[in-house]
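Below is one structure, written out as structure tokens, with a few remarks after it.
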Amino acid sequence: MRQLGNRSKLFWLALLTALLAVVLVVVVRSIGLLQLWEWSMYDQFFRWKSDEPIEERIVIVGITEADIAWVDQYPIPDRLLAEALLKLEALEPNVIGLNLTRNVKVPPGHEELEAVFAQIDNLIGVERVIVQTDLDLAPPILRDRGQIGFSDVVLDGDGKIRRGLLAITPANQETQLSLGAYLAIAYLDSQGIEPQNLANGSIQFGNIVTTPFAAADGGYVRADAGGYQLLVNWRKPLPGIPKISLQDVIEGQVERSQIQDRIVLIGMNAARAGENYFTPFSPVSFNSQAPLDYVYGVDYHAQFASQLINAALSDRPIIRGCAAHWEYLQMYAWATAAALASLWLRSPLKIILIGLVLTTIVTVYNYVVFWQGLWLPLVPTILSILVAELLVMIYNYQRLWRLESLHRTLQQQVSIDYLTQIANRRQFDRYLDYCWQQLRSQQKPLSLIMCDIDFFKNYNDFYGHVKGDVCLQQVAKVLYETVKMHNIADFIYQDSDGTRKLANNLTGYRQMSQNALVARYGGEEFAIVLPGVEIDMARKIALQVRKQLYKQRLSHEGSMISDFVTMSYGAACMVPSRSIRPHIIVDLADNALYRAKQSGRDRVFVL
């Protein structure tokens, strides 16, 4: 009976240990700390992938540097493009996709090109939708016929394309298809397959049902899931789709069998076009510029079209994430197995060995499932196994101090704003209260600067929230580095006699910078806590921050006062006392900030 009781205790302890391990990993994952690791494993799965046959339904006409040298003009003139389109059309392609925005004349031959646009009824043009200028618009003839796909791509934080847009619905506009999706649907229509919109928001292509990408699919954390996105199942090896040059087309060196009944995509295959993108096959360092380390925009659209066509006609899987509860269940199952084995074996060496075995098994399992079309989280699962084993080792040797250290680490993490990597609002409140108590007994001043990015809503509306986040990071960096005096040269000033002198009391400035706190107060608003600093010095610091922000020349076309990002600053100073609470100085600084905005913004106001 005692033996049964011990086994039951170990079982329940394993369950609790596994649960704790999963919770810890989920917390860390939710902050976004594992995202790059999960992307790396996603990329590795593609590198381990077996080579696939060359795509036979699509051909790319790539305009290479050799083509440009042959023509001796860039961009390719309209007359030559018109001639290429006519020769391709004569070879009876299924559909032609033109991944070139030709809304601007490139003489000679613009009238000829417009006539060709009107003549070829299976020609699909392209334009940008998300960030659009006059140069990004499609030819009016194709636009009027509704034969337009968009060429926008979705880049992850590390600059790689792992997701693709199938469709997007711009504000107050109709839904638009991407170029790859438009070409795939046109091809499938010729094969008697028409996409079906399902009630749950999915789209069915033949026997395959596609599910739109969600913000937390696979290894993503709070990703931008706007539009109808799909994970891209890249063909290996790249480019995976046959290519012919523009010169071969013009000189008639292309056989009918290379073009007939195929999708033909025309686009740039030259780096000067600025449409070269990294993929899961690209090296981690991005230092190499070998041709196979990146793909061109036309390659991406061909890959996306190929993915949809092969899913519908050949049941080639489309990779998708799974529901969060299934992810957590996998993590919990493997963590429980690791905890049970570790509690039973006890030996640290055996625990490490069983961890390696379980890690290998779960990696192989996730890899097999991945190529069936399901992306399960590998890094969190492996970490759950390792954390469970670590917790068991701590339990076995009664080293509880490790748990306390982990708790302190997590406490520190929640004091930092995940986006800007400076102190968050919680840390600001705690530090302000701490400084208030300390300076109250010393009867020394406390200064506070509140600053707010001018017209930041306009910035987000104009550039999008992704670039808005980058702007917040850049501004936070300027604030932090200026206040912390990372560049002492910034504190050199020009005297009235023209000589350059180092600011007085530099030692005091350095001590101030060590005690200062730069925090994200909320949204686009930041705060600088300056213990022991008089109001005149606080004003100089605010002006120095303003100067350093000017140097960055961060573009802001949505601003009503400048072409670049500016901030308004409100500063206040008090000597803390028992009768006044810390929130008073916050109210004063906030009021000063309000005055700065009312006075025209991009200025410092002191109370």
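The values are calculated or read from the model by the stated rules, or taken from the named source; none is laboratory data. Keep in mind the model is a prediction, meaning the values are calculated, not measured. Note that we place each Cβ from the backbone using ideal geometry, even for glycine, and neighbour counts take in every protein chain shown. These area figures cover heavy atoms from the full protein model, side chains too; ligands, DNA and RNA do not enter into them. Shrake-Rupley method; radii C 1.70, N 1.55, O 1.52, S 1.80 Å.
Count of segment 51-75 residues, restricted to those that are β-branched (Val, Ile, Thr), touching a helix residue (DSSP H, G or I) at 6+ places or on another chain (Cβ under 7 Å) and under 28 Å from Gln307 (Cβ atoms), is 5.
Do we have any residue at all in segment 144-161 that's assigned to a strand (DSSP E or B), farther than 22 Å from Ala184 by Cα, in contact (Cβ under 8 Å) with a residue 24 or more places away in the chain and basic (Lys, Arg)? Checked segment 144-161: at least one residue is assigned to a strand (DSSP E or B), farther than 22 Å from Ala184 by Cα, in contact (Cβ under 8 Å) with a residue 24 or more places away in the chain and basic (Lys, Arg).
If you take just the helices (runs of 4 or more DSSP H) that sit entirely in segment 20-135, which of them hold at least 3 residues that are under 28 Å from Ser245 (Cα atoms)?
Details: elements: 35-48, 65-71, 78-90, 110-119.
In segment 20-135, 65-71, 78-90, 110-119 are the helices (runs of 4 or more DSSP H) which contain 3 or more residues that are under 28 Å from Ser245 (Cα atoms).
So, of the residues in segment 183-221 that are among the hydroxyl-bearing types (Ser, Thr, Tyr) and in contact with a helix residue (DSSP H, G or I) (Cβ under 9 Å, 6 or more places away or on another chain), which turns out to be nearest to Gln372 (Cα to Cα)? Spell out the reasoning first.
Initial filter on segment 183-221 (among the hydroxyl-bearing types (Ser, Thr, Tyr)): 187, 190, 202, 210-211, 220.
Add one more test, that the residue is in contact with a helix residue (DSSP H, G or I) (Cβ under 9 Å, 6 or more places away or on another chain), and what stays is 187, 210, 220.
Working: Tyr187: 25, Thr210: 14, Tyr220: 19 Å.
Applying the filter and picking the extreme gives Thr210.
Counting only residues that are exposed (fewer than 11 other Cβ atoms within 10 Å of the Cβ) and of a type in the set (Gly, Ala, Ser), which one in segment 176-202 is nearest to the chain's Cα centre (by Cα)?
Residues of segment 176-202 exposed (fewer than 11 other Cβ atoms within 10 Å of the Cβ): 192, 197, 199-201.
Checking which are of a type in the set (Gly, Ala, Ser) leaves us with 192, 199, 201.
Details: Gly192: 37, Ala199: 30, Gly201: 24 Å.
Result: Gly201.
Name every residue in segment 539-591 that is assigned to a loop (DSSP other than H, G, I, E, B) and over 18 Å from Leu472 (Cβ atoms), in order of residue number. Within segment 539-591, Met560, Ile561, Asp563, Val575, Pro576, Ser577, Arg578, Ser579, Ile580, Arg581, Pro582 qualify. Note on segment 310-354: among residues that are assigned to a helix (DSSP H, G or I) and among the charged types (D, E, K, R), the one that is surrounded by the fewest Cβ atoms within 10 Å (Cβ to Cβ) is Lys350. Every test in (1) crowded, with 23+ Cβ neighbours inside 10 Å; (2) closer than 20 Å to Ile250 by Cβ is passed by Leu91 save one, and that test is (1).
Just to be sure I understand, how many residues within segment 516-530 are part of a strand (DSSP E or B), on the phi < 0 side of the Ramachandran plot and either touching a helix residue (DSSP H, G or I) at 6+ places or on another chain (Cβ under 6 Å) or not charged (D, E, K, R) (or both)?
Step one: list which residues in segment 516-530 are part of a strand (DSSP E or B), which gives 517-522, 525-530.
Next, only the ones that are on the phi < 0 side of the Ramachandran plot stay: 517-521, 525-530.
Checking which are either touching a helix residue (DSSP H, G or I) at 6+ places or on another chain (Cβ under 6 Å) or not charged (D, E, K, R) (or both) leaves us with 517-519, 521, 526-530.
Total meeting the criteria: 9.
All conditions but one from (1) touching an Asp or Glu at 6+ places or on another chain (Cβ under 9 Å); (2) surrounded by fewer than 18 Cβ atoms within 10 Å (Cβ to Cβ); (3) of a type in the set (S, T, N, Q) apply to Gln413; the one that does not is (1). Consider Ala199 carefully, then state whether it is out of contact with any Ser or Thr (no Cβ under 6 Å at 6 or more places or on another chain), modelled with pLDDT under 90 and at negative phi. Answer is yes for this residue. Would segment 351-362 turn up any residue that is in contact with a Lys or Arg (Cβ under 8 Å, 6 or more places away or on another chain) and modelled with pLDDT of 90 or more? No, because not a single residue in segment 351-362 is in contact with a Lys or Arg (Cβ under 8 Å, 6 or more places away or on another chain) and modelled with pLDDT of 90 or more.
The number of residues in segment 203-237 that are closer than 29 Å to Asn172 by Cβ and within 13 Å of the chain's Cα centre (by Cα) comes to 8. Confirm whether Asp152 is within 25 Å of Gly218 (Cβ to Cβ) and open to solvent by less than 20 Å² (accessible area, probe 1.4 Å). In short, yes.
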